[in-house]
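The values are calculated or read from the model by the stated rules, or taken from the named source; none is laboratory data. The shown structure was predicted, so the numbers you read here are calculated from the model rather than taken from an experiment. Ideal geometry is used to build each Cβ from the backbone, glycine not excepted, and the neighbour counts take in all protein chains shown. Protein only, heavy atoms only, side chains kept; ligands, DNA and RNA dropped before computing areas. Shrake-Rupley method; radii C 1.70, N 1.55, O 1.52, S 1.80 Å.
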Amino acid sequence: MPKSLIIVESPAKVKTIRKFLGPEYLVEASVGHVRDLPSSTLGVDEAHGFEPHYEIIPGKEKVVSELKSAAGKVDTVYLAPDPDREGEAIAWHVSCLLKDKAHDIKRIQFNEITARAVKEALEHPRDVDENLVHAQQARRILDRLVGYKISPLLWKTVKRGISAGRVQSVALRLIVDREQERERFEPVEFWNFYAFCRGQDELEFRLELTRRKGKKIVISSAGEAEALERDLQGKPFVVTSIESKKREKQPQPPFITSTLQQTANQRLGYSARRTMGIAQRLYEGIEMGDGNSTALITYMRTDSTRISEEAQAAAATFISQTYGEDYLPGKKREFKVRASAQDAHEAIRPVDVNVTPDVVRENLTAEQYNVYKLIWSRFVASQMAAAVYLDTSIVAACADTEWQTRGQRQLFDGWQKVLPGDKDSLVPELARDEQLTLVRLDKEQKFTQPPARFSEASLVRTLEELGIGRPSTYATIISTLEDRGYVEKKERSFVPTELGRVVCQQLLECFSRLMDVHFTAEMEGALDKVAEGQEGWDELLEKFATDFNPTLASAAKNMKSYKGGMETDLRCPECGEPLLIRFGKAGPFLTCKTYPDCKFSSNFVRDEHGHLVIAQVQHVVVGICPDCGSDLVIKKSKTGSRFIACSAYPKCRYAKPYTTHVTCPACGKGELVEKSSKKGKIFYACSSYPACDFALWNEPVPETCPDCGSPYLVIRKTRQSSVLACPNRECGYTRSALEEGTE
C-alpha cells in the first residue's frame, strides 16, 4: 500500500513521474487551481484587512474529493505544483483542503521532471512558502478589485460584457498610443545615393554616400538630389581608407519565458499562448516509442538565464564530442541576469542535451519539434565558443563627398555551427589611393516610416522592458485583449479596434494613475517585496485602495456614456445629420443620430491618419430573386459569415445561406453552408441543422480527392498561402489552392 501521495498540477505529469517511483508512492493531479475567489461576488472583505473568501472552483468538487480520499490513506502528502508563485498558491490551497485528512503535508519542487530531480526534491521537502502565497494572493485581489469594480462602469457607459484589467489595460494603452502615434506621423522625404564601382579586379561593388564636407549628409528633395548628381558628374572616386579587423560575435543566453515567446513568434509565427502550451507539453512529458512519457525541457516559466553546473558540464561534453574542443569557450559562460529577475530557477533548456531534436522527431508533432529545436539549439549555442569574423570597411571620396561600404568574412563559425548566422558579404581587394571606375550612380527617393505596430514579439519585449506584468502572464494578457475584442491582428501586428480605443479613452480619463506605465511597474516591484517578506500583502492592498477608492467614486459620477453612440465628424449621406459610432453585438457601426427617423447605417474604416471613412460595400450578383425578380447578391452578416439576399431589401426580404455546394458527408441530404459564431469565427455546417449537426472549420470545396476518393476537399491556411487538402488525415493529399484560383 502506498505510504506517500505526490500531488502535481497536470495529469500529464502524473504519467511521467509514476515511472520514476515505486509502489510506495501514489501520484495524483489537482488539474490546476482547486480554489479561487467566487465568480458571482467580489469575494474580498475590504473592511477586514481584504480577507479573501475562497471557494472550490465549480467542476473541481470530484477532484478535491479524490485528493482527500487519497490523502487519508497515506502517511505523507507531498505538494508538487509548478515551481513559481502560482504553483505555491495551488500548493497552499490544496493543503488547506487536505489538512483535516492528511497526517503530514510537505512542499517539494523540481525544475525538471527527471528521476534525479524528483527524488532529490523528495529528499529536501519544505513547508509552503507563505510569502510567495501572499504575493500571489495580493496580485489576485488587486486584479479582482480592478476588474470587478471598473468593468461595471464600462458596461454602463460603453457595452455590456467588456472588462478592465490592471495589467491588460496598460498593455492596451501601449497599442492604442502606438496607433495614434502612427496616425499623427508625417513622412519626411529623403534621398539615398549609391555608386556602383569597379577596382582593378573588375568586380562590381556598391558604395553608399554618407558624408559631405565632413558632415553627415541629408538630402531632402528631388532638387537637392539632382544638384548633387550634377556636381559629381565626371569626378573620380578614389579609395581613401581600408580597415580590417577581427570581431568576435558572442552567442545569446539560453531562453527565458519572454525571449522564447518572442523568438517563436518571429521565426515560427506562433502566438505567446500557443508557444507556452507547446512548451508545457515538452516540460510535462511526451510519450516515446516505448510507451513511457519523457520530459524534454526544464520549467518554462522563468526569468533567469542561470544554468546549473551539471547542465553546463553535460553541454561541454556534448559539444566537445560532437564538434570538437575548438568549439568550447575559453571559460564557462555566465550571462547577466536582469535586476528585476526573480532567479528562482534555471533558464529554459533541454533536460538531456544528448537528446537532440532529430533523435525525438518521430515522437513529436511538427510544432513540438519546432519549439524543442529552438530551445535545444539556443541552449547548446549559448555554451559554445564565439563566432569570429573579419570585418572590412572601405571609404572612398568623390569631390567633397565620402562614400562607404562594409563587408564581413567568417573565420570561425563557433556557436553558429548550431545556429547559422549572417552570410559573408565580401568586398573586393582594393588599395589605398586606388582610383575606381564608376559604373553608374543611382539615387533613391525614400520617406521616413511611422513607428511599427506591435507584433506579439515586440509587445512582449516592451512589456518586459517596462516591467509590466511578469513573463508568465504575457500570454494571458495578449489573449485577453484579443478575446475581449480590444485589438485585432493585421499582418501579424496588433491594431486597436474601435472598442479598444474607447475603453482606453474611458480608463485614461478616469483612472490615469492605474493606466500609468510606471505605476504598474512599481506595483510589480511591490509584489516582489511581498514575495521576499519585505512588505505585508494587506499593507500593499491598503495603500492601493487609499488612492483607488476615491478615484472609483469620481469615475462613477463623471465617466462619459457612449451607450447612445459616439458622435463623429461624418454627416449622414441621406439626411445630413451627424453620424454616430454605436457598438453592436457584431462590432461597431455607423448610424444616423436621428435614428429611427433616419435608418441609415454603414460599416466604416479609418484612413492612415485615423480619420473615419464610410465603407463602400460592393455586392456580387449571383442570381435572380425568386420572389421579386431583383438581383440576388452576396452579403455579410454582423458576425462575418456570408449569405445571399435580395438587393431590393427591405422591400423584399428574401434570403438564404451561402452554400459551398458540398453535400453533407454525415446525412447526405443537406449542403454545407457558411455560418459564424457569436465571436465572429467562420465555420461550415449542414443546412439540415438541427436534424444534422455536422460542422467543420475549414471551407469545403466540391471536388473529389484523387487519392482516397473523399467527396470533398478543404481549404487550409498556411503562413505563406492556402492549400487544398483532403479532410481525411490518413490520406494526406494536398496541393496549392492558388493553382485553382480559390483564394
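Here are the numbers for this structure:
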| quantity | calculated |
| --- | --- |
| In sequence order, calculated HN-Hα J values of segment 420-425 (Karplus, 6.51, -1.76, 1.60; Hz; x Gly/Pro) | x, x, 5, 6, 5, 10 |
| Protection proxy ranking, peptides 725-731, 623-629, average beta carbon neighbours within 10 Å, highest first | 725-731, 623-629 |
| Nearest-0.05 FRET efficiency for GLN410 and ASP433, computed from C-beta distance (R0 35 Å) | 0.75 |
| Residue-wise HN-Hα coupling along segment 185-190, computed from phi with Karplus coefficients 6.51, -1.76, 1.60 (Hz; x: Gly, Pro) | 5, 10, x, 10, 6, 8 |
| Cα shape, segment 464-573, gyration tensor, a/c 1.5 rule | oblate |
| Counting DSSP beta bridges with both ends in the chain, the antiparallel % (nearest 5) | 90 |
| Tensor-based shape of segment 408-458 (alpha-carbon gyration tensor, a/c under 1.5 rounded, otherwise prolate or oblate) | oblate |
| Stretchable slack from GLU120 to CYS628, in nm (0.36 nm times residue separation minus alpha-carbon distance) | 174.9 nm |
| FRET efficiency estimate (nearest 0.05) - Cβ-Cβ, ASP143 to SER554, R0 25 angstrom | 0.70 |
| Loop-located trypsin sites (Lys or Arg not before Pro) in segment 607-700, at most 12 other Cβ atoms within 10 Å (DSSP) | LYS651, ARG653, LYS669, LYS678, LYS679, LYS681 |
| Accessible surface of the chain [probe 1.4 Å, protein heavy atoms]: carbon and sulfur percent | 48 |
| Computed E for ASP358/TYR733 - FRET, C-beta separation, R0 22 angstrom, nearest 0.05 | 0.25 |
| Orientation-averaged projected area, Cα convex hull of segment 624-721 (nm²) | 8.3 |
| Difference of contour (0.36 nm per residue) and Cα-Cα distance, GLU189 to ASP75 | 33.4 nm |
| Per-residue ³J(HN,Hα) for segment 567-580, Karplus 6.51 cos²θ - 1.76 cosθ + 1.60, θ = phi - 60°, Hz, x for Gly and Pro | 5, 10, 7, 7, 10, 5, x, 9, 10, x, 6, x, 9, 10 |
| Sorted peptide list for 516-522, 42-48, 658-664, criterion being average Cβ within 10 angstrom, highest first | 658-664, 516-522, 42-48 |
| Difference of contour (0.36 nm per residue) and Cα-Cα distance, ASP400 to VAL620 | 73.1 nm |
| Cα-based reach from LYS446 at 19 Å (exclusive), listing lysines while leaving out same-chain residues under 8 positions away | LYS216 |
| Two-site label geometry, LYS331 and PHE196: point separation in nm, points 7 Å out along Cα→Cβ | 5.0 |
| Pair LYS423, VAL613: separation of 7 Å Cα→Cβ label points (nm) | 3.8 |
| Inter-part distance where segment 213-287 and segment 623-683 are each reduced to a Cα centre, Å | 48 |
| Using distinct alpha-carbon pairs, which all enter the 1/r mean, Kirkwood radius of segment 1-82 in Å | 14.3 |
| Label-to-label distance, nm, for residues given as GLU208 and ARG492 (7 Å Cα→Cβ offset) | 2.3 |
| Protection-proxy order for peptides 263-273, 375-385, each taking the mean of Cβ atoms within 10 Å per residue, highest first | 375-385, 263-273 |
| Shape call, segment 361-462: gyration tensor on alpha carbons, a/c limit 1.5 | oblate |
| Principal axes of the chain: Cα extent on each, largest first, Å | 95, 83, 68 |
